Amino acid sequence: MLELKNITFNVDSEGQDKEIIRDVSLTIPDDKLIVITGPNGGGKSTLARIIAGIEKPTSGQILLDGEDITNMSITDRAKKGIGFAFQQPVKFKGIQVLDLIRLAKGKNISVADACEYLGAVGLCAQDYIDREVNASLSGGELKRIEIATVLAKASRLSVFDEPEAGIDLWSFQNLIDVFKNMRRKINGSSILIISHQERILNIADEIVVIKNGKLTAKGSKDDILPSLMGTADAVPECRANGNKVVRK
C-alpha cells in the first residue's frame, strides 16, 4: 500500500514560488487499479513523478507499506517495487529489446520468456526481440515495449503516465486489453494510471480527480465517472483521425 500524506510541490517560476501540488493526501491500496484524471496542467503527471521519485515533494510524506520513502531515489524506489512508465518512452541507443526486458526482469531470462512479455502487449516477438530500441521504432511500439518491461519487473506498484499518448487507435485498444489482463492478475500489487481517456477510466476500481494541484474527488468508477461527464473536468473520449488517437 502506498500512502501520500499532505504532499505539496512548488517550483521556482520567474523568481516566484509556484505551487503545482497542494496538500494532497491519497492512499493507493493493494489489489486495485487506480486512475488519476483531471484537466490538463492540473498536476497529475507531477504527482506520478513524485511517486516514482523523479521529483521530490516540497513538503509531505510518502509511505510504502509503512516505510518512509520520501527521500529515496528513483533507483531505490524501483528496488522497493515501484515501476514507472514515462509518457514519452525513453529511447536507448545500441540496446536490443531482449536486453531491455532482461534488465527489467533483473536476470538473464530465456528468449522464450522474454517473448511472452512482448506477446502480452500485442507485439510479434519474432519481429522485435532482436531489434534495437532506438528511433526506428514507432511511438506505439516503444510504448508497448516499455509496458512489457514493466510487466517483466512485476512491480508492487506500476505507474503509467498517460500511456495512450502518441499511439495509434489499434495500439490504444490493445493497450486497454493489456491493462484488463494486468487487472486480472494484480494479486497483491497495484496499478496507477494517469489518463484522460474514458475507456481507461472505465476499467478502474477507483478514480481520483486532480484539479489545480488539489485532490477534488475520489471514489469508485460508478460514483465518479458520471459526475465528470458534462462538466469542465469531463474526460475526452477517443476518436479516430487517420491513424492517430485525438481528443474531442
Inset, instruction - Tally the residues that are without any contact (Cβ under 8 Å) to a residue 60 or more places away in the chain and closer than 17 Å to Asn6 by Cα, restricting the search to region 47-62. - result: 9
Inset, instruction - Tell me, yes or no, whether region 9-23 has at least one residue that is under 18 Å from Ala154 (Cβ atoms) and modelled with pLDDT of 90 or more. - result: no
Inset, instruction - Could you please let me know if Gln61 is within 19 Å of Ser190 (Cβ to Cβ) and of a type outside the set (Phe, Trp, Tyr)? - result: yes
Legend entry - Looking only at region 130-154, and only at residues there that are at negative phi and surrounded by fewer than 18 Cβ atoms within 10 Å (Cβ to Cβ), the one that is modelled with the lowest pLDDT: Ala135
Inset, instruction - Being surrounded by fewer than 20 Cβ atoms within 10 Å (Cβ to Cβ), among the aliphatic types (A, V, I, L, M) and within 22 Å of Glu146 (Cα to Cα) narrows it down to one of Ile69, Ile50, Ile109, so name that one. - result: Ile109
Inset, instruction - Under 9 Å between Cβ atoms, at least 6 apart or on separate chains: pull out the pairs that start in region 22-46 with a residue that is over 15 Å from Ile82 (Cα atoms) and among the acidic types (Asp, Glu) and end on any residue that is at pLDDT 90 or above and in a strand (DSSP E or B). - result: Asp23/Asn6; Asp23/Ile7; Asp23/Thr8; Asp23/Ser59; Asp23/Gly60; Asp23/Lys214; Asp23/Leu215
Legend entry - Cβ-Cβ under 7 Å pairs, at least 6 apart or on other chains, region 1-17 side farther than 17 Å from Leu47 by Cα and free of Cβ contacts under 8 Å to residues at least 40 places away in the same chain, far side among the polar types (S, T, N, Q) and in a strand (DSSP E or B): Asp17/Asn10
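The values are calculated or read from the model by the stated rules, or taken from the named source; none is laboratory data. The shown structure was predicted, so the numbers you read here are calculated from the model rather than taken from an experiment. A quick note on method: Cβ atoms are made from the backbone with ideal geometry, for glycine too, and the neighbour counts reach across all protein chains shown.
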